[in-house]
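For reference, the structure discussed in these notes is given below.
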Amino acid sequence: MRRPRGEPGPRAPRPTEGATCAGPGESWSPSPNSMLRVLLSAQTSPTRLSGLLVIPPVQPCCLGPSKWGDWPPGGGPSTGHVQGLQRLLEQARSPGELLRWLGQNPTKVRAHHYPVALRRLGQLLGSRPRPPPVEQATLQDLSQLIIRNCPAFDMHTIHVCLHLAVLLGFPADGPLVRALEQERRLRLPPKPPPPLSSLLRGGQRLEAALSCPRFLRYPRQHLISSLAETRPEELTPHVMVLLAQHLARHRLREPQLLEAIARFLVVQENQLSSKVVQKLVLPFGRLNYLPLEQQFMPCLERILAREAGVAPLATVNILMSLCQLRCLPFRALHFVFSPGFINYISGTPHALIVRRYLSLLDTAVELELPGYRGPRLPRRQQVPIFPQPLITDRARCKYSHKDIVAEGLRQLLGEEKYRQDLTVPPGYCTGERGASALVLCPAHRDRVVLVLRERWHFCRDGRVLLGSRALRERHLGLMGYQLLPLPFEELESQRGLPQLKSYLRQKLQALGLRWGPEGG
């Protein structure tokens, strides 16, 4: 029933200290201090709630759009329906009626309607000591409705709903408050990264820095170098393994850090197992770096003598790193080529990979250690070293120059003058996935290998070949092949196939190679 014109309406309850009321045409937005005072002083008694919940209706224009397609006042065809639903919520006579208006009008409900419903709910419950059981279930349904839709709320709506939920007595560990609080945290700006100085204090922060995914993905050489300043007593095997893996993974040939790892290995020799040592030694072979630490090799020889029979795979891994450095100890080779060791590894899960490594070590002995007189790997035990392309070459084959160089050779020499994708003893694959292309010139009995030196075949500084690549070229040269390196800088500067063919012709002619009617 409408009241007569001029008759004063019911007087609104006086706001409790800390609540903020907006003037005409203003949206209510509590200041942080007033919000804190309200939350600290809020009680769930009816009298307290009735005083705290004198909050003007939230205006839709200040809440921004939501996934339901909010329109500003006068900005869309559904504005009248949206404002009509807000009036229905403000005039609801029971919690059940509130829920019905929200549930039966899904296309008209907007984000700002939920704080309106919560505010009206507080007014309805303000005069009741405790909701009856039926309304208690209705409160739970309303809570679930807000939880489902709060991901679409803006920050202001979340703050208002969270504020009202606390005042209405919803438990802090309950689903509604937890969901709203989680959404609030998701919308907070990210915390700034800690200063670099805090990362460099102590082994724990060093470990945290090396374990950070972003740090692993975007290595910073100057930051890595400064990590070496951590005090020696703060370094642990786990931290040093992380550092060694980081250097190897990102091809960071940092002498200061590599020397720090070598010193740590020498100092901690008696406390380190071969399984840890294999990880610490890995970057030296991969990065083709022989440390200046004079006790490095004697220390490794003692560890190999002590641990060789305990961890066969770790022993062979250490020898592989030393093979890349051309520092194979005779005593360890005697052990791994002994019949007892070979028979032992034949029954282990690592038998095939160990036999591949032993085949490479046997080739290194034959080519690089003429003074070795110990046992060798029997022929029947030898297997191809690389039966398939290397992982790095497979992953980056689309960036390789291999295919265009092969096409240039085919057009330049003809199919019969070169071979591609051949495997030469002891298992080096030529022409496979950007590794190298083999050229045969029968008239001169020359065997020339065009070696594609891609960008990822080098340490990150771009000047030193990785240990595995240097070993491959060294062995091919010792087997009688003439190597013709094609650096990535030169290949990248060629523009198109005609220019590349001219480049290849000059390279081959510089070696004295001739082909066609003149050269055969």
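The values are calculated or read from the model by the stated rules, or taken from the named source; none is laboratory data. In this text, all values refer to a predicted model and were calculated from it rather than measured experimentally. Glycine gets a Cβ as well: all are built from the backbone with ideal geometry, and neighbour counts include every protein chain shown. These accessible areas exclude ligands, DNA and RNA; they are computed on the full protein's heavy atoms, side chains included. Shrake-Rupley method; radii C 1.70, N 1.55, O 1.52, S 1.80 Å.
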Original post:
Restricting to helices (runs of 4 or more DSSP H) lying wholly in region 312-408: which have 2 or more residues that are at pLDDT below 90 and either touching a Cys at 6+ places or on another chain (Cβ under 8 Å) or charged (D, E, K, R) (or both)?
Top reply: 391-395
**OP:** Please identify the pairs in which a residue from region 314-339 that is on the phi > 0 side of the Ramachandran plot has its Cβ atom under 9 Å from the Cβ atom of a residue that is crowded, with 23+ Cβ neighbours inside 10 Å, counting only partners at least 6 apart or on another chain.
**Re:** ARG326/ALA364; ARG326/LEU471
**OP:** Starting from residues that are surrounded by fewer than 19 Cβ atoms within 10 Å (Cβ to Cβ) and among the aliphatic types (A, V, I, L, M), keep the ones in region 366-380 and report whichever is farthest from CYS327 (Cα to Cα).
**Re:** LEU367
Subject >> Every residue from region 266-307 that is charged (D, E, K, R), open to solvent by less than 60 Å² (accessible area, probe 1.4 Å) and either assigned to a helix (DSSP H, G or I) or at pLDDT below 90 (or both) >> reply: GLU269, GLU307
**OP:** Looking only at region 167-183, decide whether some residue is crowded, with 19+ Cβ neighbours inside 10 Å and in a loop (DSSP other than H, G, I, E, B).
**Re:** yes
**OP:** Return the total of residues in region 459-471 being surrounded by 18 or more Cβ atoms within 10 Å (Cβ to Cβ) and either assigned to a loop (DSSP other than H, G, I, E, B) or at pLDDT below 90 (or both).
**Re:** 2
Original post:
If you go through region 274-288 one residue at a time, do you hit one that is more than 24 Å from ARG472 (Cβ to Cβ) and over 31 Å from the mean Cα position of the chain (by Cα)?
Top reply: no
**OP:** Sort out which residues of region 248-265 are under 23 Å from ARG455 (Cβ atoms), over 16 Å from the mean Cα position of the chain (by Cα) and assigned to a helix (DSSP H, G or I), and write them in order of number.
**Re:** ALA248, PRO255, LEU257, LEU258
Subject >> Residues of region 456-473 satisfying the condition of being free of Cβ contacts under 8 Å to residues at least 60 places away in the same chain and out of contact with any Leu (no Cβ under 8 Å at 6 or more places or on another chain) >> reply: GLY462, ARG463, ARG469, ARG472
**OP:** Could you grab me the full set of residues in region 474-500 that are open to solvent by 50 Å² or more (accessible area, probe 1.4 Å) and either among the charged types (D, E, K, R) or part of a helix (DSSP H, G or I) (or both)?
**Re:** LEU478, GLU489, GLU490, GLU492, ARG495, PRO498, GLN499
